[in-house]
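Inspection log for the structure reproduced underneath, given as structure tokens.
The values are calculated or read from the model by the stated rules, or taken from the named source; none is laboratory data. Remember, predicted model here, so these are calculated numbers, not experimental data. We place every Cβ from the backbone using ideal geometry, glycine too, and count neighbours over all the protein chains shown.
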Amino acid sequence: MEVEDKSTEKIILDAAKKIFLVKGFDGARMQEIADEAKINKALLHYYFRSKDKLFDAIFQEAFQQFLPRVAEIMMTEKSLFEKIEFFIDTYITMLLDNPHLPSFVMHEINRNPDRFINIIKSSGVNPEYLGMVIQKEVDAGVIIPVSPVHLIVNMIGMCLFPFMGKPIIQGFIFKGSSVAYQKFLSERKKEITSFVINSIRKK
């Protein structure tokens, strides 16, 4: 019975993800999600009592692949450069597994920013700690003086834009080739890591 419950829950989450991505939180209806999952609405409410709980479950599922792992690596004794490499690799891997997530998240962040702030807080990620690590490396002369906030935002932006800008990158730069676009995405991990580290490493 437990296995069956997990299977049904996964079916519901997959169906909800499809509906939310197309219609957003406000436009999605529980009946549509039930229809997509091929179950009745009563069963949907049995697993998830409200649309809010279902929405939160989807994002926790997506972000738990990324945020807790980042929080864990940031607290280790690894070097800043190793942490940067891990952050970029893990972030892009999550985006490759969830390519429609960035545009959806941006829309929903503008609609309800507190929801995402709470998800990030609950993950254990502490941006202040990363800022302290960066400042420590500046003080030790390992990297050039750099604003921790700008460095973090730069890394996130460089990871996100290829997914947000897919219509331009695939449609214009790669003339519509999905193969070339996917190859480009797979190269981003090394390209961004190398760019970021070389931009801050003290010569």
Somewhere in region 167-179, is a residue closer than 30 Å to residue 80 by Cα and not charged (D, E, K, R)?
no
When restricted to 108, 137, 128, the only residue touching a strand residue (DSSP E or B) at 6+ places or on another chain (Cβ under 9 Å) and either assigned to a loop (DSSP other than H, G, I, E, B) or not hydrophobic (A, V, I, L, M, F, W, C) (or both) is 137
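Which of the helices (runs of 4 or more DSSP H) contained wholly in region 24-101 include at least 2 residues that are over 20 Å from residue 159 (Cα atoms)?
30-37, 41-47, 51-63
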Exclusive hit being of a type outside the set (Ser, Thr, Tyr), under 30 Å from residue 144 (Cα atoms) and crowded, with 17+ Cβ neighbours inside 10 Å, set 54, 130, 44, 101:
130
Name the pairs whose Cβ atoms lie under 7 Å apart, with the first residue in region 81-92 and closer than 18 Å to residue 131 by Cα, the second surrounded by 22 or more Cβ atoms within 10 Å (Cβ to Cβ) and among the β-branched types (Val, Ile, Thr), and 6 or more positions between them or separate chains?
88/192
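Could you go through region 146-155 and let me know if any residue there is in a helix (DSSP H, G or I) and in contact (Cβ under 8 Å) with a residue 60 or more places away in the chain.
Step one: of region 146-155, the residues in a helix (DSSP H, G or I) are 148-155.
Of the ones still in play, those that are also in contact (Cβ under 8 Å) with a residue 60 or more places away in the chain are 155.
Looking for residues that are in a helix (DSSP H, G or I) and in contact (Cβ under 8 Å) with a residue 60 or more places away in the chain, one finds at least one in region 146-155, hence yes.
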Go through the residues of region 168-187 one by one and say whether even a single one is at pLDDT 80 or above, within 28 Å of residue 76 (Cβ to Cβ), surrounded by 17 or more Cβ atoms within 10 Å (Cβ to Cβ) and of a type outside the set (Gly, Ala, Ser).
yes
